[in-house]
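Visitor: My questions all concern the structure below.
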Amino acid sequence: MEDLTPLTNLQQIPIPESAAHKKKMTERQPLLLQSDASDYEGSRGGGPARPARSSPPDNTLVNVHSEDSMAVHAAALGSASGSGDDDQSTAVDKASYNPTLHRTLEHPTSNSETLVHLLKGNIGTGILAMPDAFKNAGLYVGLFGTLIMGVICTHCMHMLVNCSHELCRRLQQPALDFSDVAYCSFETGPLGLRRYSLLARRIVTTFLFITQIGFCCVYFLFVALNIKDVMDHYYKIDVHIYLLIMLMPMIVLNLVRNLKYLTPVSLIAAILTVAGLAITFSYMLHDLPDVHTVKPVATWATLPLYFGTAIYAFEGIGVVLPLENNMRTPDDFGGTTGVLNTGMVVVACLYTSVGFFGYLKYGEDVKGSVTLNLPQGDGLSQLVRLSMAVAIFLSYTLQFYVPVNIVEPFVRSHFDTTRAKDLSATILRVVLVTFTFLLATCIPNLGSIISLVGAVSSSALALIAPPIIEIITFYHVGYGRYNWMLWKDFLILIFGLCGFVFGTWASLAQILNDRTH
C-alpha cells in the first residue's frame with residue numbers, strides 16, 4: 001500500500017456494540033429478519049450510533065451520515081421492543097437500505113479521480129522491487145505468479161467491499177472503514193465469536209500500524225541507498241551516515257500536522273515518481289538479453305521471499321474502502337469493468353512488466369530497487385536516482401500520517417491541558433520517526449525489509465483478514481450452493497497463512513544471514 005494510505009485516517013467509527021437484548025432468536029436465523037443487529041442473544045449494552053466518518057481524497061474528514069440515516073437507525077433501535085409486524089417491517093427496511101444513498105460528502109470524487117487515487121495508492125517503492133522478486137521466483141514463475149497474485153488480491157478487495165455493504169445494510173450505517181468492518185462482522189456473527197469483536201478491530205488496526213511503520217522504514221532506507229549510490233561515484237560513505245543525515249529533516253517535515261499544507265509536496269512527489277519510472281523503464285528495455293540467460297524457475301528456498309515482496313507491492317487494500325466510500329457514484333467501483341478492476345489490471349500489468357524486464361535485463365545482479373542497477377556514471381540515471389529519492393522522501397509524511405493517527409489520540413488522552421496534549425503529540429512524532437530510523441539502521445538490506453514487511457503485515461491485511469471477515473459476515477446468510485464461498489475463503493486463507501509463515505521465516509533468515517557476513 002502506497003502513497004494514498006493516509007485516506008484511511010483510522011479515527012475509529014463509534015459503531016454501537018449492541019442494544020439491550022429484547023427477544024431470543026436462534027443463532028442461524030437470518031439477520032435481516034431480526035429487529036436490529038443489536039438484538040442478538042448475548043449482546044452487550046450500548047448507545048445509539050454517532051456519525052460514521054471517512055476520509056475523502058483531499059484528506060478532509062467529513063460526516064457521511066445524513067440526518068435521514070440517523071433517524072432510520074434510531075427508529076431501528078427503538079423497534080427492538082415492537083410487535084412481530086413491526087419486526088417484519090424493519091426487516092423490509094433493512095433489506096432495501098442502500099448505504100450509498102445515505103452518504104453526505106463535501107468533496108465526492110469522480111470515477112476518473114478515484115482511479116487515479118487507486119493507482120497512486122498501489123504504485124510506489126514496491127514496483128521498483130519487483131525485479132528482485134522475480135529473481136527469487138524465476139522468470140516464468142514470477143510472470144504467472146504475479147498475475148495470479150494480482151487476481152487474488154483484487155478478489156480480496158472485492159470481498160472487503162461486499163462485506164462492508166452487507167454490514168452497512170445490516171446496521172444501517174452509511175459507511176465503514178477496514179477495522180470497523182472487522183468489528184461489526186464479529187459483533188453480528190456467531191454467538192461464540194461476538195466477544196472477540198473488539199479484539200478483531202484491534203488486530204486489524206495493529207496490522208495497519210505495523211504495515212505503515214514498515215513502509216516508513218522502507219522509505220527511509222530507499223532514500224539513503226539511492227543517495228549513497230549517486231554519491232559513491234564521487235566518494236564513498238557508509239549508508240548509516242546518510243540515514244543519520246536524513247533524520248533531522250525527516251523529523252521537521254513530519255511535525256506538519258495538517259495534510260492540507262502537504263498537498264503541493266504530494267503533487268511534486270507524484271510527478272517525480274512518474275518521470276523516474278518512465279526513465280527507468282527505458283533503461284530496462286534497452287539491449288535486452290535472451291530469456292535463456294536467466295532462471296525460468298528458482299528454488300523453493302527463495303520462493304517465500306518472492307511472496308513477501310509481491311504481496312508488499314500489491315497491498316493496497318487499506319485504501320479501497322475510503323475510496324469507495326467517497327465516490328460520487330460508488331456503484332461504479334465494483335463490477336467487471338468497474339474502477340477497482342480497471343485500476344488493478346493496470347497495476348498488475350505494470351508490476352509484471354517491471355519485474356519481468358528488470359530481471360531479464362540485470363539477471364542475478366538485480367538489487368532491492370531496480371534504480372540501484374542503473375549505470376553509475378550516466379548523468380540521466382543519476383538524475384533518476386535523485387528524483388526517486390526526493391519523491392519517496394516527500395511521500396514519507398503521507399505514510400507516516402496513518403500510524404500517528406492511530407497512536408496520537410491514546411497519548412493525548414493522558415493529558416489535561418491543551419499545551420500538554422500538543423507537546424505530547426509532538427514528542428510522539430519525533431519518537432516514531434526516530435523509531436523508523438533505528439529499524440532502517442538495523443536492517444540495511446532493502447530487499448529483505450520489503451519482503452519481511454510484505455510477509456508479516458501485508459499478507460495479514462490483504463489475504464488473511466478478508467476471507468475471515470467474509471466467512472463470519474455471511475454466517476447467517478449462507479455461503480451459496482455447495483458452500484462454494486466457504487471453500488474459496490478457506491483456500492485463500494491457507495494461501496495467506498502459508499505465505500505469512502514461510503515468508504516471514506525466509507525474510508528473517510536472510511536478514512540474519514546478511515548480518516553474520
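Visitor: What whole-number value in Å² describes the accessible area per residue of segment 197-255 for a 1.4 Å probe?
Guide: 42
Visitor: With each pseudo-label sitting 7 Å past Cα toward Cβ, what's the Phe144-Ser96 distance in nm, one decimal?
Guide: Placing both labels 7 Å beyond Cα along the Cβ direction yields 5.1 nm.
Visitor: Moving on. Using a 1.4 Å probe, what is the accessible area per residue for segment 300-440, in Å²?
Guide: Details: 5240 Å² over 141 residues.
Counting only protein heavy atoms, the per-residue value for segment 300-440 is 37 Å².
Visitor: Further question: Let me know the volume per residue of the alpha-carbon convex hull for segment 363-474, in Å³.
Guide: Hull volume over Cα atoms, normalised by residue count, gives 177 Å³.
Visitor: If I take R0 = 35 Å and measure r between the Cβ atoms of Asn483 and Val291 in this structure, what FRET efficiency does the formula 1/(1 + (r/R0)^6) give, to the nearest 0.05? All intermediate terms of the calculation are to be shown ahead of the outcome.
Guide: On the way: r = 43 Å, r/R0 = 1.22.
Here the calculated transfer efficiency is 0.25.
Visitor: Chymotrypsin sites (Phe, Trp or Tyr not before Pro), restricted to segment 288-357: which are DSSP loop and have at most 11 other Cβ atoms within 10 Å?
Guide: Here the chymotrypsin sites (Phe, Trp or Tyr not before Pro) that fit, given the DSSP loop and packing criteria, are Trp300.
Visitor: How much length, in nm to one decimal, is gained on full extension between Cys442 and Thr418, taken as 0.36 nm per residue of separation minus their Cα-Cα distance?
Guide: This chain segment gains 5.0 nm when fully extended.
Visitor: Checking the table Lys236/Lys367; Lys120/Lys361; Lys295/Lys367 against a 24 Å threshold on Cα-Cα, which pairs fail?
Guide: Lys120/Lys361
Visitor: If I model a spin label at Phe435 and Thr329 as a point 7 Å from the Cα along the Cα→Cβ vector, what separation in nanometres do I get?
Guide: If labels sit at Phe435 and Thr329, their model points lie 4.3 nm apart.
Visitor: Using a 1.4 Å probe on the protein heavy atoms, what percent of the accessible area of segment 360-421 belongs to carbon and sulfur?
Guide: 62
Visitor: Still on this structure: For Phe410 and Tyr235 in the same chain, what is the full-extension length gain: residue separation times 0.36 nm, less their Cα-Cα distance, in nm?
Guide: The Phe410-Tyr235 span can extend by a further 58.4 nm.
Visitor: Can I ask one more? Give, to the nearest whole percent, the P(r) tail of segment 462-503 beyond 13 angstrom, counting all Cα pairs.
Guide: 51
Visitor: If you don't mind, another one. Looking only at segment 295-321, which residues have a backbone nitrogen under 11 Å from a spot 7 Å from the Cα of Ile203 in the C-beta direction?
Guide: Zone members listed by number: none at all.
Visitor: Let me ask something else. May I ask you to list the chymotrypsin sites (Phe, Trp or Tyr not before Pro) in segment 187-268 that are in a DSSP loop and have at most 15 other Cβ atoms within 10 Å of their Cβ?
Guide: Tyr234, Tyr235
Visitor: Separate question: Can you tell me how much longer the chain between Leu193 and Leu512 gets when fully stretched, taken as 0.36 nm per residue apart minus their C-alpha distance, in nm with one decimal?
Guide: Values: separation 319, 0.36 × 319 = 114.84 nm, distance 3.86 nm.
The Leu193-Leu512 span can extend by a further 111.0 nm.
Visitor: Under the definition of Cα pairs under 8 Å and six or more residues apart, what whole-number percent is the relative contact order of segment 398-513?
Guide: Taking the mean separation of contacting Cα pairs over the length of segment 398-513, I get 29 percent.
Visitor: For segment 243-372, what is the relative contact order in percent, using Cα pairs closer than 8 Å and at least 6 residues apart in sequence?
Guide: Numbers: 35 pairs, mean separation 49.4, N = 130.
After rounding, I find 38 percent.
The values are calculated or read from the model by the stated rules, or taken from the named source; none is laboratory data. Not measured: the values here are computed from a predicted model. Cβ sites come from the backbone with ideal geometry, for glycine too, and all protein chains shown count toward neighbours. These area figures cover heavy atoms from the full protein model, side chains too; ligands, DNA and RNA do not enter into them. Shrake-Rupley method; radii C 1.70, N 1.55, O 1.52, S 1.80 Å.
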